[in-house]
Amino acid sequence: MKVTGHVVGLLKTYMRDLVEQAIQEAKTQQTFGFEPAPYRPDQAVSDLLAILDDRIESEGVQVGLPEDLLHDMWMLCNDAQQHIADSVWLESRDGGTVLSKAATRELTYKVLIDYLERHVDR
């Protein structure tokens, strides 16, 4: 998989959007007294792939996303799945608290970007 800095920048933007969405969702849930459901790193990855699919379909060519990016990211995420799960688990145990959806997404995406930068051709 070959990833340009431009594509990594777009991925980081989508990741920030998802983290912000989770923050807003938590505020809404708190307002109505709902308890947030547990959220795992694999769900964060699935959410990223879903938004990536949507963005490729809606704006892919205009923003310079390669057509095969979704497939490549799916493969990369599949390969990184255990590494991501282990890293997020270790980090969440360090603070002794259960991570929120936003924190899980933020940490998952940080680990994924680090993995991407170490394991792909640039």
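The values are calculated or read from the model by the stated rules, or taken from the named source; none is laboratory data. Because the structure is a prediction, the values reported are computed rather than measured. Ideal geometry is used to build each Cβ from the backbone, glycine not excepted, and the neighbour counts take in all protein chains shown. Ligands, DNA and RNA are stripped out before the accessible areas are found, and what is left, the full protein with its side chains, is counted by its heavy atoms. Shrake-Rupley method; radii C 1.70, N 1.55, O 1.52, S 1.80 Å.
Restricting region 25-44 to residues that are at pLDDT below 95 and either polar (S, T, N, Q) or closer than 14 Å to Trp74 by Cα (or both), the residue that is most open to solvent (accessible area, probe 1.4 Å) is Gln30.
Among residues of region 100-116 that are over 16 Å from Ser46 (Cβ atoms), those with a beta-carbon under 7 Å from a residue that is assigned to a helix (DSSP H, G or I) and among the basic types (Lys, Arg) at least six positions away or on a different chain give the pairs Ile113/Lys12.
Would you say Asp47 is under 21 Å from Tyr14 (Cα atoms), of a type in the set (D, E, K, R) and surrounded by fewer than 14 Cβ atoms within 10 Å (Cβ to Cβ)? Give the derivation first.
Numbers: under 21 Å from Tyr14 (Cα atoms): yes; of a type in the set (D, E, K, R): yes; surrounded by fewer than 14 Cβ atoms within 10 Å (Cβ to Cβ): no.
Spelling it out, it is not the case that Asp47 is under 21 Å from Tyr14 (Cα atoms), of a type in the set (D, E, K, R) and surrounded by fewer than 14 Cβ atoms within 10 Å (Cβ to Cβ).
Checked against (1) touching a helix residue (DSSP H, G or I) at 6+ places or on another chain (Cβ under 6 Å); (2) open to solvent by less than 80 Å² (accessible area, probe 1.4 Å); (3) not hydroxyl-bearing (Ser, Thr, Tyr), Glu91 passes all but condition (2). Take the conditions (1) on the phi < 0 side of the Ramachandran plot; (2) surrounded by fewer than 17 Cβ atoms within 10 Å (Cβ to Cβ); Gly64 misses just one of them, which is (1).
Screening Leu18, Leu65, Leu52 for residues that are in a loop (DSSP other than H, G, I, E, B) and among the aliphatic types (A, V, I, L, M) leaves exactly one candidate, Leu65.
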